[in-house]
Ligand SMILES: N[C@@H](CCC(=O)N[C@@H](CS)C(=O)NCC(=O)O)C(=O)O
């Protein structure tokens, strides 16, 4: 037991502030404190730096977007400018969403012009349109906007119940089967380099960059986590479902096309013409004859100038 009078078990008096060992501890402690402070300061500086860079990038992006939109503020009155990719060698547009809007414009007899330079719009995607100084992005929002603006309803006398079937088919194709197009074109078969008209360096860069975006987005969606075989099975099932719903009808709901036929054609045309050599092309070119006939019918009705569109 130690008491105030018992001898210290330590070899030196630790309470002596001047003892060299204590002095060294003190200085080590001060050094550590300094280092810690430095560490905090560094983290703070890096944090501020990163926030500043993010802010600057956002501002520059915003400025560039404003400039881009300003270029399209004064266009001919009531002429829709449809911004999108240039025509591919095999379809008037390799984006099913651009082809959808293009088909709508033709179906509704609305004057339009194509712009192939400012491809990506206010939401960072294609298509988008400019009309009388207003800009709209997203194919479905574009169609909703144009329908109201030009008072064009393309849904004829179809009942609400019928129209709901068209919408369900459209959404299945756009939100699910679309990944079959993107993954095959940029990752599995990589046919984007075959179907687009551009120099090889540009095309290989596009394949690499867009391939990275497609892979990342498909993973976020969930479908990209399956194997190629599983994805082909899932997407083929979608196409078979459309084939069953279509049956012997001329268009998705009957003898006349409806608004959703624009989107349905925009996507099915990719499977038939836009993915050469893919399992989907084999499916619609072989077994699912009604899908092929449907595409041919839409093509004849709305693209009498098909070859001209491809050559432009
Ligand atoms: N929901 C959009 C989809 C448009 C879309 O995904 N476009 C693709 C080209 S087919 C795109 O711009 N992708 C670029 C990206 O995701 O960053 C629409 O209907 O317009």
Using alpha-carbon pairs under 8 Å, 6+ residues apart, how would you state the relative contact order of the chain in percent?
19 percent
Kindly identify the range 160-311 as rounded, prolate or oblate by the Cα gyration tensor criterion: order the square roots of the eigenvalues as a ≥ b ≥ c, call it rounded if a/c is under 1.5, otherwise compare a/b with b/c, prolate if a/b is larger, else oblate.
oblate
Please give the helix 200-221 orientation as an angle from the longest Cα principal axis of the chain, in degrees from 0 to 90, rounded to the nearest 10.
70 degrees
In the chain the DSSP beta bridges are antiparallel at a rate, in percent to nearest 5, of 65 percent
At 7 Å along Cα-to-Cβ for each site, give me the label-to-label distance between residue 26 and residue 144 in nm.
7.3 nm
Hey, with R₀ at 22 Å, roughly what FRET efficiency would residue 296 and residue 89 work out to, going by the Cβ-Cβ distance, to 0.05?
0.75
Roughly how many whole Å is it from the C-alpha centroid of the range 208-266 to that of the range 76-103?
19 Å
When a/c reaches 1.5 or more, the comparison of a/b and b/c decides; with that in mind, is the range 117-250 rounded, prolate or oblate per its Cα gyration tensor?
oblate
Ignoring everything except DSSP H segments at least 4 long, calculate the 222 nm mean residue ellipticity for the chain; use -39,500 (n - 2.57) per segment, divide by total residues, nearest 500.
-19000 deg cm²/dmol
Residues of the range 85-123 with amide N under 14 Å of a point placed 7 Å along Cα→Cβ from residue 79
110-116
Taking the DSSP beta bridges in the range 19-172 as the whole, what percent of them are antiparallel, to the nearest 5?
65 percent
Would you order 62, 100 from fewest to most other beta-carbon atoms within 10 Å of each residue's own beta-carbon?
62, 100
So how do 176, 83 line up by other beta-carbon neighbours within 10 Å, fewest first?
176, 83
Computed over the range 80-149: relative contact order in percent, which uses C-alpha pairs under 8 Å that are six or more apart
36 percent
When a footprinting reagent is the concern and you count Cβ atoms within 10 Å, what order do 238, 28, 118 take, fewest first?
28, 118, 238
The extension gain from residue 248 to residue 116, computed as 0.36 nm times the residue separation minus the Cα-Cα distance, is 43.8 nm
So for R0 = 30 Å, FRET eff. of residue 229-residue 208 from the Cβ-Cβ r, to 0.05, ends up at 0.80
Can you tell me the orientation of helix 20-71 relative to the chain, as the angle in degrees between its alpha-carbon axis and the longest Cα principal axis, to the nearest 10?
20 degrees
Given a Förster distance of 45 Å, the FRET efficiency implied by the Cβ-Cβ spacing of residue 219 and residue 35, rounded to the nearest 0.05, works out to 0.65
Enter the angle in degrees (range 0 to 90, nearest 10) between the Cα long axis of helix 96-107 and the first principal axis of the Cα atoms of the chain, meaning the one along which they spread out most.
30 degrees
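Every number in this text was worked out from the coordinates using simple rules, so none of it is lab data. On a predicted model such as this, the values are computed, not experimentally measured, just so you know. FYI the Cβ positions are ideal-geometry reconstructions off the backbone, even for glycines, and counts take in every protein chain you see.
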